[in-house]
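Chemist: Below is one structure. I have some questions about it.
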Amino acid sequence: MLTSEHAIVVYERGKAVPDRLTRVSHVQYVGYAERMLAVYRAGVGKTRRELQRAVERIFADETDCELRRIRAFCKLLDDASEYDTDRRGRAARLRLQVFGMAAGSHPLVERRDQLFENTEAEVKARIAEHLGRPWDDIEAELYADVIDFQRLKAFEGYPDAAALLSRYNVAQLQACLYRAERMVVTATGDFKTLLRYAKLAKLLHTIRRLGPGRYRIELTGPASVLRETRRYGVCFARFVPALLACRGWSMRATVRTPWKAAASLTLTSEDGLHSHLPAPEEFDSALEERFAAKFGEERDGWRLEREAEIVFKGQTAFVPDFVFRHEDGTEVLFEIVGFWTPEYLAGKRLTVRRFRDRRIVLAVPERSLNPEAMVGEDVVVYKTALKLGPLLEALERARGSGESP
Amino acid sequence: MYRPRGRSAGEANPEGRPVRLSFDHGTLRLDGVGEGEADAVRETGPWLWDARIGAFRCDAIHYAEVWGALAERFADRFTDEVAPPKRVKWGKVSLPSLRREQQGALDAWLAAGGRGQVIMPTGTGKTEIALAAMRHTSIATLVVAPVRDLMYQWHRRILRGLGYDAGILGDSRHNVRPVTVTTYDSAYIHMADLGDRFGLVAFDEEHHLPGRCRREAALFCAAAMRLGLTATPERSDGLHADLDSLIGPVVYVQKVSAAKGRTLADYDVVRIPVALTDDEQARYEELGRIVRSFIASRRKDQEGYDWQTLCAESGKDPEARQAQRAYYAKKSIEDRAAEKLRVLEDLFRLHAGERVIVFAGSNAMAMDVSRRFLVPTLLSHSRKRERLVALEGFGGGTFPVLVANRVLDEGVDVPAAKVAIVIGGQASTRQAKQRLGRILRRTGEARATLYEVVCEDTNEEARSRRRRRSDAYERTRHRRL
C-alpha cells in the first residue's frame, strides 16, 4: 500500500478523483511500467537510491508525470522487493568500531600543526590497515543500513506491466480513501463477502433495503457518530480490495480534502478496477451448489435466488444462503447448516431466534441432531443431499403461516 | 445530531432495565436507555444517540464526569462495566527529592484533582515531576512521548526511578503493561483498544497533542487523571487552546527567564557566518537564476505564479520540475556547504577535550560530518542499542562529539554538553528553545555556548535571524568570531 504522501487526487467540483492510468489515457505507461520492472529485475545489488534515480530517468522527458507518481511506483516496486536491511546490525557495529578507534585522535584535522597532529587521511589509513580492508570499502559500508543505501536482494515483482499498473490504480484509490470519513455501498449481491470484510476492517454498518435484493450499506467507524474523523480511512482502504472483488455494486465515499472541504469519491463494479483478491465463490459448499442445480431456477411457483437478502438488527446481519420467492410475493429465507460444532449450531439458533419475525427455513444435517431433539416445522433434516419434497413442504407451511412482515 | 428514531424496545418498559456503561473502541456506550429517557441521559454528559447500535455514545475522555452523574441519576439500575485501572506496585523507588519549583508544580497538579498542565523550561526536571506524580498515584499509567528516543528514555527513567519495567508500545513493539510508554503516533492508533486500561495518562511535550488526528489519543482515553508537560505550549495554529479540555487547565508555569542562571547554566549564542566556496557560490547562483527566471517567465502569462503553483504544475511541466529540482539542489548546497566542515574543525580544535554536540539540518549532512570526523550520529532510523551506546559513550567521554539530525530536537536527555553547534535546520521558536535546552543543563559554574554556523547571503541567514528572535535567546550575547 502507498502512504498518504504518495496520494495523487484531483478535487474538482466536489468530486475526488484518484490518479488512474489507463490504456486510453496513458498508453505510454505500459512501456514505462515494462522499463521500471526491467530496472528492478536487473537491480539486485543496487541501492534504493540508485533504483529510484534509474526510475526517475525513465520519466525524464514525460510531460505528464509528477514526482509523487514516480515515488508511488517505487514504493509499489519496493513492496515487492527484498532489501538487505542489515538486520544483524553489521553497519552499526562497524560504525561503533570505527568511531571508537578514531575517538582518541579527535579532532581529525586537515593539516597537522603543533597542537593537533592527527590528520584525517592518516587516521583513516590507520583504521583501514587495522581492519585489513581499503578505506573506501569501509566508508561504503559505514551507513549501508540507512534506508536510501540499502541494497536490493531479490525482486519478486509483478507478472507484467499491466499487473503493475493495475496495482498502482488500486493503490491510488486506497490512498485517496485514507482521507475518507464514510462510505456508502449500494449492493445487489455478494453480501456475505461485503459484510464479512467490513467487519474484518472493524467498520460498523447501517443497512437499508432499497428493494428486492438491493441494499444500501453505510460503513462508518465507532466514533463517526461523534465527529467526522479520518481515523477509519485506513479501514476503508483495507476494505476496498474485497469490494473490488465483488459484483454488482456502486460506492460513494465522503473524503475530506486537504483544505477541509468534503468531496465524494464514487466508483462502481463496472469501472474496471481489479482486486488482487479472487472473486467470492459462487457457493459456500458443494452441497449448496448441488442443491441449487437440482432445484433449478424455479419450481412449483418458487423462484430460487442465492444470497439475495440481508436480515439485520443493529450490528447483527445475516445473509441466508438462499431466498425463495413465491409468485404470490411470499419470501422465505433458507439457510443450510453444513457444519455441526455445538458452538456453530448454538450461534445459528440464536440468529434464527433473533430474526423469528422472518420466515426462515433451516436445513440441518441429521448427524448434528440429538436423538431426542424435537424438530420444528421450519427445519428440514438431511443426510447427505437435500431432498426437494420435504423442502417444498416446509416452504408451503411457511407460506401458510401468517402475514409477511 | 442524531435523535432516536422509531420505537425502541426501551419505551415499553423504560424503568427497571439495567443501564450499562461500557468502553467501546475509544468511546463510551450506554445501553439500556430508550428515547423516553434521552433528556435524562444528556444531563449526565455529551451523549449522542447512535442508531447503528441502539445506544448512546460519547468520547471516553468524559468517563470521570459521566460516571458520577449516571450513578446518581440511575442509582440501582446503573452498572459500570468499564474495567477499573489496575493499581501499580512500584519496585525499588529511587527518586531525587523534588526541588522547590518541582514540588510546587506537583502540589498544584494534585490540588487540581490530578488533571492539568505543567509548563516549565527544558532542563528543569519535568520528568521528575511526572515520576513523582506516578509514585503518588500508584495507578496504571500511560506515558506518551513525541519520538521513540524519548519513549525509550521514559522507559529507562521509570525503571531507574520507580523500579518498574514499563511496557513499550511503538517502534514495532507491542508490549502493553499496566505502566506503558508510547509515542503520539502509536497512541493515536492504539488508544481505541487501550483507552480503558489506564488511570493516569501523561503527555510529554504536550504541544504535539492537539493536532486534528493526534488529539484522539486524549479523546479515546478514559483515564481520569491527566498530566501535560511542556516548555512551549504554543502552536502556530492556535490549537493549544484545546489542551485545557484534552488534558486540563494550566496548573503551573515557570518562565524560561526565571529559570535562566539559576537552575540552568548561563549561555552565549555565537553566530558564525560561512561563505560558500567559489564553485558552490557559482552553482548556487546558477540554480537561483534557474528558479527565478522560470518563475519570471511564467508570470508573464500567469500573474501570481509562485512557488505553490510551480509545485502543483511540476507534474505536467518538465520545466517546472527542473526548477523544483534546482531549488532543492540550492538548499542542499547551503545545507552541506563544504566550508561548514572547515568551521567545524576549527570549533572542534577550540573545544578539544569538551563534549560537543552538533545539530545538522539533514541526514545527509549528519552523515557528512560523521564520515569526515569519524564521530557517531543519531539518525531517525538508528536502532535502540546503537543510540544507547552512542549516548552513553558521549556521556562517559568515549566519544568527544555527537552528531544529530533533528531527532534530538526535543527532550532527549543528552549528557551535559557545554557546546552545541547548529549547522542547519528550520527556523522555529520551539526548535530553537528545545535545542538550547539541550546544552543548558547545569554543571558547576561553566557557561554553555551555542554556535550557529550559517551561510552568508543565503536564505539560511534569514532563518537564523528568525531563530534568534525567540524568547529563549533574549538577553544573550551575540558576537561574531
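Chemist: Which value at 222 nm does the protein assembly as shown reach when only helices count, each DSSP H run of 4 or more adding -39,500 (n - 2.57), with the total divided by all residues and rounded to the nearest 500 deg cm²/dmol?
Modeler: -11500 deg cm²/dmol
Chemist: Report ³J(HN,Hα) in whole Hz for each residue of the range A:37-44, in order, from the Karplus equation J = 6.51 cos²θ - 1.76 cosθ + 1.60 where θ = phi - 60°; Gly and Pro get x.
Modeler: Coupling constants for the range A:37-44: 4, 5, 4, 6, 4, 8, x, 4 Hz.
Chemist: Which shape class, rounded, prolate or oblate, goes with the range B:64-204 when its Cα gyration tensor gives a ≥ b ≥ c as root eigenvalues, a/c under 1.5 marks rounded, and past that a/b bigger than b/c marks prolate?
Modeler: oblate
Chemist: So, one more: Over 19 Å between C-alpha atoms is what I'm after, so list which of B:LYS300/B:LYS330; A:LYS46/A:LYS75; B:LYS126/B:LYS384; A:LYS192/A:LYS387; A:LYS46/B:LYS330 land there.
Modeler: B:LYS300/B:LYS330; B:LYS126/B:LYS384; A:LYS192/A:LYS387; A:LYS46/B:LYS330
Chemist: Can I ask one more? Please name whichever of A:SER81, A:PRO134, B:PHE399 sits farthest to the positive end of the charge dipole of the protein assembly as shown, dipole taken about the Cα centre and charges placed at Cβ: Lys and Arg +1, Asp and Glu -1.
Modeler: Toward the positive end, the furthest listed residue is B:PHE399.
Chemist: Also: Set the Förster distance to 41 Å, then compute FRET efficiency between A:ALA121 and B:ASP242 from the Cβ-Cβ distance, nearest 0.05.
Modeler: Approximately 0.15, to the nearest 0.05.
Chemist: So how much slack lies between A:LEU210 and A:THR384, counting 0.36 nm per residue of separation and subtracting their Cα-Cα distance, in nm?
Modeler: Contour length minus Cα-Cα distance gives 59.0 nm.
Chemist: Cα-based Rg of chain A per 2.2 N^0.38 Å, rounded to two decimals?
Modeler: Normalised Cα radius of gyration, chain A: 1.43.
Chemist: Please arrange B:LEU391, A:LEU177 by counting, for each residue, the other beta carbons lying within 10 Å of its beta carbon, fewest first.
Modeler: Ranked by crowding around the Cβ, least crowded first: B:LEU391, A:LEU177.
Chemist: Hey, another quick one. Got a sec? How would A:LEU94, B:LEU169 order by Cβ neighbour count within 10 Å, fewest to most?
Modeler: A:LEU94, B:LEU169
Chemist: Something else now. Go through A:PRO212, A:CYS235, A:THR254 and say which Cα lies farthest out towards the positive end of the charge dipole of the range A:178-268; charges sit on Cβ, +1 for Lys and Arg, -1 for Asp and Glu.
Modeler: Result: A:CYS235.
Chemist: Under 1.5 on a/c is rounded, so check that first for the range B:9-80, then, if it is not, pick prolate when a/b is larger than b/c and oblate when it is not; a ≥ b ≥ c are the square roots of the alpha carbon gyration tensor eigenvalues.
Modeler: Note, shape of the range B:9-80 comes out oblate.
Chemist: Within a 10 angstrom radius of the beta carbon, how do A:PHE324, B:PHE394, B:PHE78 rank from fewest other beta carbons to most?
Modeler: Least to most surrounded, the residues fall as B:PHE78, B:PHE394, A:PHE324.
Chemist: Could you let me know the centre-to-centre spacing of the range B:72-95 and the range B:176-211, using Cα atoms, in angstrom?
Modeler: 18 Å
Chemist: What's the magnitude of the charge dipole for the protein assembly as shown around its Cα centre, counting Lys and Arg as +1 and Asp and Glu as -1 at the beta-carbon? Answer in Debye, nearest 20.
Modeler: The dipole magnitude comes to about 1920 debye.
Chemist: Give me the log10 of I(q) over I(0) for the protein assembly as shown at q = 0.10 Å⁻¹, as the Debye formula computes it from C-alpha points; what are the numbers?
Modeler: Once normalised to I(0) and log-transformed, intensities are -1.30.
The numbers here are math on the coordinates, done by the rules we state, and not lab data. This structure is a prediction, so every number in the text was calculated from the model and none was measured. Virtual Cβ from ideal backbone geometry, glycine too; neighbours counted across all protein chains shown.
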